[in-house]
Amino acid sequence: IVTAENLEVLAIGTTHAIQDGLPIEAVLEQIIDNEALAVLAWGFGKWLFKRGKIIKRVIKTYNSPYLLVGDNSGRPGFWPLPQLFKQARTLNLSIISGSDPLPFAGEEAKVGSYGFSVEGDFNEDEPAKSFRDIMTAPGLTPGFFGDRDRTSSFFKRQSKIYLKKYLKK
């Protein structure tokens, strides 16, 4: 879901439709009220400056087990752990990771190259509920696997994003 602030929120474990363009607080309330998982997805440039302050405020305000912070393979390997991830950890919010391929040729090879794993009781008859229960369990510590972008890959991907964005106009 793309919010009014141009931030990305992922909703996991819900069939409830949430429209794009709403303020981030309204999006999070709808997701959390439906007992689904809300993931604040890291994005280059989106977690800095004005929008970074919004993420910081949201992390403090919605200190809920249903709120997760999402890292992705697009954050380059040389980039240190963002301050907002450290803040999330101090508030006991879980950090998860994913591959986050972009809509460019060759990106399909990134699927599943970076992610997380968890352990817990799983009911095949209620997979979404089981996953939610595992992810909201106190003391959850996801295991991470895979690699983030190399420096050259990071700059190539960012160049493609900005070229596509500005050539559209």
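The values are calculated or read from the model by the stated rules, or taken from the named source; none is laboratory data. This one's a predicted model, so the numbers in the text were calculated from it and none came from an experiment. With ideal geometry, Cβ positions are generated from the backbone for all residues, glycine too; neighbour counts draw on all protein chains shown. Heads up: the accessible areas ignore ligands, DNA and RNA and are worked out on the full protein's heavy atoms, side chains in. Shrake-Rupley method; radii C 1.70, N 1.55, O 1.52, S 1.80 Å.
Some notes on this structure:
- Residue pairs, from the table LYS50/LYS86; LYS50/LYS164; LYS46/LYS165; LYS110/LYS160; LYS86/LYS165; LYS86/LYS164, whose Cα atoms sit over 25 Å apart: LYS86/LYS165; LYS86/LYS164
- Compactness check for the stretch 5-88: Cα Rg over 2.2 N^0.38 Å is 1.06.
- Angle between the chain longest axis and helix 24-33 axis [Cα atoms, degrees, rounded to 10]: 30
- Among 126-137, 88-99, the peptide with the highest mean count of other Cβ atoms within 10 Å heads the list, and the full ranking is 88-99, 126-137.
- Net charge contributed by nearby residues that have their C-beta within less than 11 Å of TRP42 (K/R +1, D/E -1): 0
- Packing order of peptides 108-119, 64-75, highest average first: 64-75, 108-119 (average count of other Cβ atoms within 10 Å over each peptide's residues).
- Kirkwood hydrodynamic radius of the stretch 53-94, from the reciprocal of the average inverse Cα-Cα distance over all distinct pairs: 10.9 Å.
- Charge sum, other residues only, whose C-beta stays under 13 Å from VAL2's C-beta, Lys/Arg counted +1 and Asp/Glu -1: -1
- Beta bridges by DSSP in the chain, antiparallel share as percent, to the nearest 5: 55
- Couplings 3J(HN,Hα) of the stretch 52-63, computed from phi: x, 5, 5, 4, 4, 5, 5, 4, 5, 6, 9, 6 Hz, in residue order, whole Hz [Karplus 6.51 cos²θ - 1.76 cosθ + 1.60, θ = phi - 60°; x for Gly and Pro].
- Solvent-accessible heavy-atom area per residue, rounded to whole Å², over the stretch 62-169 at 1.4 Å: 62
- Judged by the ratio a/c of the largest to the smallest principal axis of the C-alpha gyration tensor, the stretch 79-155 counts as oblate, that ratio being 1.5 or greater while a/b is no larger than b/c.
- The Cβ shell under 14 Å around ILE24 holds other residues with a net charge of +2, Lys and Arg each +1, Asp and Glu each -1.
- Inter-part distance where the stretch 117-169 and the stretch 9-45 are each reduced to a Cα centre, Å: 15
- Carbon and sulfur %, accessible surface of the chain computed with the full protein complex present, 1.4 Å: 55
- Sorted largest first, extent of the chain alpha carbons per principal axis (Å): 44, 32, 31
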